[in-house]
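Notes follow the structure.
The values are calculated or read from the model by the stated rules, or taken from the named source; none is laboratory data. It should be emphasised that the depicted structure is a prediction, and the values quoted were computed from it without experimental measurement. Glycine also receives a Cβ, built like all others from the backbone with ideal geometry; neighbour counts cover every protein chain displayed. Heavy atoms of the whole protein, side chains included, go into the accessibility calculation; ligands, DNA and RNA do not. Shrake-Rupley method; radii C 1.70, N 1.55, O 1.52, S 1.80 Å.
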Amino acid sequence: KSGPLIVETLKAHGVKEIDYAILPDDPAQISNTLLQFCDQHYPLIVTTGGTGLGPRDNTVTATRQVIDQELPGIAEAMRSFGQRRTPYAMLSQGIVGMRGQTIIINLPGSSKGTEESLAALFPALFHAYPITKGAGHEQTQRKAAP
């Protein structure tokens, strides 16, 4: 349920080109796929699932192996937004980071957690794209998606 919810939300915010893949809980396969997408210069990669405390929750570990720079404020915003709605939001280990100019976001696997995290992110996240290309904050007043 979470994957289609992400696709719907991105489309609602004007993102026109969206690829969708379902992967097993294999850290090497997750890392390799993230690297492939980054090498193809995807501006945004959104994952869902694998952010909890279970033995098969490998997405965060795989993402850490790929990113060059962590963006903790974005992950904090998602958890803070969720925490106001459920005490379980604090259990998410999801991270957000960049590799090159690609932003990678780990969302929880539950559809409710995904929905709340997306509400915390969009459309404000689009402000990051001009900045990654060197624009100042005053030049980033965008209404369209990347």
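Structural remarks
- Test for residue 90: is it surrounded by fewer than 19 Cβ atoms within 10 Å (Cβ to Cβ), among the aliphatic types (A, V, I, L, M) and touching a Lys or Arg at 6+ places or on another chain (Cβ under 7 Å): yes
- Enumerated helices (runs of 4 or more DSSP H) restricted to segment 66-146, each holding at least 2 residues that are modelled with pLDDT of 95 or more: 72-83, 111-121
- From 9, 61, residue being open to solvent by less than 80 Å² (accessible area, probe 1.4 Å), closer than 15 Å to residue 98 by Cα and assigned to a helix (DSSP H, G or I): 61
- Test result for residue 19, in contact with a Ser or Thr (Cβ under 8 Å, 6 or more places away or on another chain), in a loop (DSSP other than H, G, I, E, B), open to solvent by 30 Å² or more (accessible area, probe 1.4 Å) and within 22 Å of residue 115 (Cβ to Cβ): no
- Segment 30-58: number of residues that are free of Cβ contacts under 8 Å to residues at least 12 places away in the same chain, open to solvent by 80 Å² or more (accessible area, probe 1.4 Å) and either of a type in the set (Gly, Ala, Ser) or assigned to a loop (DSSP other than H, G, I, E, B) (or both): 2
- The set of residues in segment 98-126 that are among the basic types (Lys, Arg) and either more than 19 Å from residue 49 (Cβ to Cβ) or open to solvent by less than 20 Å² (accessible area, probe 1.4 Å) (or both) contains only 99.
- Residue match in segment 68-86 (condition: in contact with a Phe, Trp or Tyr (Cβ under 9 Å, 6 or more places away or on another chain), within 15 Å of residue 119 (Cβ to Cβ), in contact (Cβ under 8 Å) with a residue 60 or more places away in the chain and open to solvent by less than 20 Å² (accessible area, probe 1.4 Å)): no
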